[in-house]
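**Q** Sending over a structure as structure tokens; questions will come in a sec.
The values are calculated or read from the model by the stated rules, or taken from the named source; none is laboratory data. Source: prediction; values computed, not measured. Neighbour counts are summed over all protein chains in view; Cβ atoms, including those assigned to glycine, are modelled from backbone coordinates with ideal geometry.
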There are 4 protein chains.
Amino acid sequence: MTTELGTDADAMLDFAAKVLAAQPFSVFVGARMVEFGSGSATLGLDMADHHRQQHGYLHGGMIGYLADNALTFAGGSVLGPNVLTAGMTLDYLRPVTGPQVLAIAEVIDHTERMAVCRCRIVSVGAAGERTDCAHAQGTIRAAGRAQSSEQ
Amino acid sequence: MTTELGTDADAMLDFAAKVLAAQPFSVFVGARMVEFGSGSATLGLDMADHHRQQHGYLHGGMIGYLADNALTFAGGSVLGPNVLTAGMTLDYLRPVTGPQVLAIAEVIDHTERMAVCRCRIVSVGAAGERTDCAHAQGTIRAAGRAQSSEQ
Amino acid sequence: MTTELGTDADAMLDFAAKVLAAQPFSVFVGARMVEFGSGSATLGLDMADHHRQQHGYLHGGMIGYLADNALTFAGGSVLGPNVLTAGMTLDYLRPVTGPQVLAIAEVIDHTERMAVCRCRIVSVGAAGERTDCAHAQGTIRAAGRAQSSEQ
Amino acid sequence: MTTELGTDADAMLDFAAKVLAAQPFSVFVGARMVEFGSGSATLGLDMADHHRQQHGYLHGGMIGYLADNALTFAGGSVLGPNVLTAGMTLDYLRPVTGPQVLAIAEVIDHTERMAVCRCRIVSVGAAGERTDCAHAQGTIRAAGRAQSSEQ
């Protein structure tokens, strides 16, 4: 039923938003959960002065944060909430000018214990126009006993 | 002369610290320039609650910020101040517990226009003990006219 | 006109096949150009014993070759024939059993001088069933005078 | 004792050379094990025409093979012989002209189940002069039951 599907989707987004709210650093930088589903996750950010580098663009480190976190949430959507980001690659193509930013991540393949995810960092202009600015690929692992001493 | 070399090293560190201070995001998260030389750069951070993820470790996004920025400073130390980070790979091995963190970057190879750099993310315990927690490799490019529209 | 478009597509594939045939290593391993268009390139391989590692799967190094080359052809399809692969990341998820292998690459974003491309390494079974086995992301640059001393 | 240490080192190199000889693709391309120790591995190649791309340099795919394999051997030297390469990043800086090539890999950090390794691809000229040409970072995992369905 549409209503129940809607309720499920809302519940998933609500769950992910609560996990994000439990990350002090995510609260500190002001990220919000825009979308969360089975195999996808999107984080949003309203760019403020304290997110910028010396030329006024979004700091590359904020791009790194957004990519890392969106990739991890996307991986967690298929592997379960107890996951670790094993690694991430990030290729920067254009500066992010904002004033809004989206980190749109999706699972492109996964086994039971490992997911390969991709993430686009998208600058959203004042009129809503979107420009892809950076592209990430990451691997997310289910955290088990054997890996308990690893991140 | 030792005195003048000391003065030069101090001047380089002072210059890099001023660039870091001109990055609003770096000021916002509280990073500081610990070392900056020809082919190397180290950023430091005193971990506070607002740098953490939900399990109390340093947020992976902060690791991404530290790696991105230390790699870029290291590349800039041999290519000049006008550089762009083209890409970065980050492999996470252990959680960062702190209470201090260092991002120790060095140039491992470079041409006139491109540098390949590496960075270790090091957790420094209360007694000063050091543990490597993540390892990054990045490519930094000199920004020229042809790339003016890219980040 | 459909006929002319068909002719153009054939001409593009023919051009790419000739470039591949001019690469002695590609001839040596037996790769063939399966598809080449504006923003995409697919290489194919019939797995033989000399492509394998010690457990009978496709050697990871052959996966590296296929990803590197498919990414470069895809980038060249939008940047022109004179391109350099700047970097590549490869995440392995499953062994490639074959007996056929495809490396399916596409441009996901590009400026005038740089393209970010992705590539799936697909194992094709005897009955034609396809399994994604590895995923790559790479950056391809247009080779210009300034980079003439670089690869 | 020097003699016994020498014997052990010889035995390790002999063991690694046998594993390499059991990889049909490594035999096909003509790679040889130059050094293998606790935390390091070096592969060597005498460049022949069939290793080249269309401009006469070593094909990027051969660089990918050498990096992948040297990283895996280095990881295996600390994790045991049953390992999987989880991922690899490769940054190309200069063309490899040879006539000899070395892939020099080392473990830079590891837990019980995962190793982060680096590899330099070195072109060795006729007079023995060495030029670093590409730099890789990879993660190697111990293969266990849980990962038995993954590569």
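**Q** Identify, please: which residue in the range B:24-51 is over 13 Å from the mean Cα position of the chain (by Cα), crowded, with 20+ Cβ neighbours inside 10 Å and facing chain A (nearest Cβ under 10 Å) and is, among those, farthest from A:Asp49 (Cα to Cα)?
**A** Filtering the range B:24-51 for residues that are over 13 Å from the mean Cα position of the chain (by Cα), crowded, with 20+ Cβ neighbours inside 10 Å and facing chain A (nearest Cβ under 10 Å), the one farthest from A:Asp49 (Cα to Cα) comes out as B:His51.
**Q** Quick test for you: out of B:Val101, B:Val78, pick the one residue that is among the aliphatic types (A, V, I, L, M), more than 9 Å from every other protein chain (Cβ to nearest Cβ) and assigned to a helix (DSSP H, G or I).
**A** B:Val78
**Q** Working only within the range B:84-119, note down all residues that are charged (D, E, K, R), crowded, with 21+ Cβ neighbours inside 10 Å and under 12 Å from the mean Cα position of the chain (by Cα).
**A** Of everything in the range B:84-119, just one residue is charged (D, E, K, R), crowded, with 21+ Cβ neighbours inside 10 Å and under 12 Å from the mean Cα position of the chain (by Cα), namely B:Arg118.
**Q** Can you list residue pairs whose Cβ atoms sit under 7 Å apart, with the first residue in the range A:1-25 being within 18 Å of A:Asn82 (Cα to Cα) and the second being among the β-branched types (Val, Ile, Thr) and modelled with pLDDT of 95 or more? Count only pairs 6 or more apart in sequence or on different chains.
**A** Once the first residue is within 18 Å of A:Asn82 (Cα to Cα) and sits in the range A:1-25, its partners that are among the β-branched types (Val, Ile, Thr) and modelled with pLDDT of 95 or more give A:Ala21/A:Val27.
**Q** Would you be able to tell me the number of residues in the range C:115-133 that are among the charged types (D, E, K, R) and within 11 Å of another protein chain (Cβ to nearest Cβ)?
**A** 3
**Q** So is B:Ala11 of a type outside the set (Val, Ile, Thr) and either under 20 Å from A:Gly56 (Cα atoms) or modelled with pLDDT of 95 or more (or both) or not?
**A** no
**Q** Okay, next question. Being within 27 Å of C:Met88 (Cα to Cα) and among the β-branched types (Val, Ile, Thr): is that true of B:Thr97 here?
**A** No: the conditions fail for B:Thr97.
**Q** Please specify each residue of the range B:104-132 satisfying the condition of being in a strand (DSSP E or B) and hydroxyl-bearing (Ser, Thr, Tyr).
**A** Answer for the range B:104-132, where residues must be in a strand (DSSP E or B) and hydroxyl-bearing (Ser, Thr, Tyr): B:Ser123, B:Thr131.
**Q** Examine the range C:42-65 for a residue that is aromatic (Phe, Trp, Tyr), in a helix (DSSP H, G or I) and in contact with a Phe, Trp or Tyr (Cβ under 9 Å, 6 or more places away or on another chain), and state whether such a residue exists.
**A** Within the range C:42-65 (the criterion being aromatic (Phe, Trp, Tyr), in a helix (DSSP H, G or I) and in contact with a Phe, Trp or Tyr (Cβ under 9 Å, 6 or more places away or on another chain)), the answer is yes, since at least one residue qualifies.
**Q** May I ask you to list pairs of residues, at least six apart or on different chains, whose Cβ atoms are under 7 Å apart, with the first in the range B:117-144 being modelled with pLDDT under 95 and the second being crowded, with 17+ Cβ neighbours inside 10 Å?
**A** B:Ala143/B:Val83; B:Ala143/B:Leu84
**Q** Mind listing whichever residues of the range D:52-83 are crowded, with 24+ Cβ neighbours inside 10 Å and among the hydroxyl-bearing types (Ser, Thr, Tyr)?
**A** Correct list: D:Tyr65, D:Thr72, D:Ser77.
**Q** Okay, moving on. Can you go through A:Asp68, A:Asp91 and tell me which one is of a type in the set (D, E, K, R), facing another protein chain (nearest Cβ under 8 Å), in a strand (DSSP E or B) and in contact with a Gly (Cβ under 7 Å, 6 or more places away or on another chain)?
**A** Going through A:Asp68, A:Asp91 in turn, just one is of a type in the set (D, E, K, R), facing another protein chain (nearest Cβ under 8 Å), in a strand (DSSP E or B) and in contact with a Gly (Cβ under 7 Å, 6 or more places away or on another chain): A:Asp91.
**Q** Checking the structure you have, find out if any residue of the range B:34-54 is closer than 25 Å to A:Arg94 by Cβ and without any contact (Cβ under 8 Å) to a residue 60 or more places away in the chain.
**A** no
**Q** Continuing with this model, one more query. Quick one: is C:Glu112 more than 10 Å from every other protein chain (Cβ to nearest Cβ), of a type in the set (Asp, Glu) and in contact with a strand residue (DSSP E or B) (Cβ under 8 Å, 6 or more places away or on another chain)?
**A** no
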